[in-house]
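Since the structure comes first, as structure tokens, the remarks are kept for the end.
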Amino acid sequence: MNNDGFFDIQNGSTIRYAVLNGNNWFKVKLQGIQSNSNGIGARVEIYGAFGKQIRDIRSGEGFKYMGSLNAHFGLGTNTEITQVIIRWPSGVVDTINNPSINQALYVVEGSTLSNNQFENIGFSLYPNPAKNNINIVSANNLNFTMAKVYDMTGRLMTRTSLENNTINVEKLSIGTYILILTDDLGNEHSQKFIKE
């Protein structure tokens with residue numbers, strides 16, 4: 001309630017504030033556009049040296065009172081988050097790289113889709129632009145197992161198991177897309193490509 005990163009409890013007019021302990025934290029507040037305005041049903045994932053943490057935005061739980069609609073993460077002594085991925089009920093996926101910790105991050109649905117935050121060095125593609133197939137060249141000997149293609153509004157266009165590091169894009173309309181590959185450790189890597 002006082003934005004110090006620690007859960008407080010309110011019961012009627014009584015407020016009990018948490019005792020601080022010096023650990024780090026991170027909070028995500030969502031504003032839906034295509035999805036509902038509170039982002040209910042969205043999944044928030046954070047990545048860092050600690051691995052991966054997931055929170056689902058849910059409502060209607062508890063007795064008499066409902067919990068917060070914010071996604072709250074305890075980081076302990078970890079001092080950075082490398083990536084935040086928000087998967088909205090509409091299918092839109094927002095990605096934020098290297099956000100500051102010990103703060104509340106406000107994310108509007110679809111706000112990162114036009115940014116270059118999808119580019120990374122996990123793999124390269126050819127040909128790009130592509131007509132029929134895209135070939136994937138892995139960096140650092142990554143083994144990719146799953147491929148998802150999103151359009152620039154964040155809609156999931158196709159999801160397929162990855163075989164021979166090739167994806168058929170023949171049925172996609174002309175335009176720009178985002179390819180997200182999942183490696184065998186569960187990490188995701190993304191990059192834009194053009195279908196001509």
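The values are calculated or read from the model by the stated rules, or taken from the named source; none is laboratory data. Keep in mind the model is a prediction, meaning the values are calculated, not measured. Cβ sites come from the backbone with ideal geometry, for glycine too, and all protein chains shown count toward neighbours.
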Name the residue, out of Val28, Val19, Val44, that is at pLDDT 85 or above, under 29 Å from Glu80 (Cβ atoms) and part of a loop (DSSP other than H, G, I, E, B).
-> Val19
Does Gly154 meet the test of being assigned by TED's automatic domain parsing to the domain that holds Ser35, part of a loop (DSSP other than H, G, I, E, B), under 13 Å from the mean Cα position of the chain (by Cα) and modelled with pLDDT under 90?
-> no
Could you tell me which residue of the stretch 169-183 is surrounded by the fewest Cβ atoms within 10 Å (Cβ to Cβ), considering only residues that are under 17 Å from Phe123 (Cβ atoms) and out of contact with any Asp or Glu (no Cβ under 9 Å at 6 or more places or on another chain)?
-> Asp183
What residue, among those in the stretch 139-151 that are of a type outside the set (Phe, Trp, Tyr) and modelled with pLDDT of 85 or more, is farthest from Ser111 (Cα to Cα)?
-> Asn143
Can you find even one residue in the stretch 54-66 that is at positive phi, charged (D, E, K, R), at pLDDT below 90 and surrounded by fewer than 17 Cβ atoms within 10 Å (Cβ to Cβ)?
-> yes
Qualifying residue in the stretch 68-85 (condition: without any contact (Cβ under 8 Å) to a residue 40 or more places away in the chain and at positive phi) | no
So which residues in the stretch 157-178 are under 24 Å from the mean Cα position of the chain (by Cα) and in a strand (DSSP E or B), if there are any at all?
-> Met157, Thr158, Arg159, Thr160, Ser161, Ile167, Gly175, Thr176, Tyr177, Ile178
Given (1) loosely packed, with under 15 Cβ neighbours inside 10 Å; (2) among the β-branched types (Val, Ile, Thr); (3) over 20 Å from Gln191 (Cα atoms), where does Thr82 come up short, assuming only one miss?
-> (3)
Going through the stretch 141-151 one residue at a time, which ones are without any contact (Cβ under 8 Å) to a residue 40 or more places away in the chain and surrounded by fewer than 13 Cβ atoms within 10 Å (Cβ to Cβ)?
-> Asn141
Within the stretch 152-196, restricting to residues that are among the acidic types (Asp, Glu) and in contact (Cβ under 8 Å) with a residue 12 or more places away in the chain, the one that is farthest from Gly110 (Cα to Cα) is Asp184
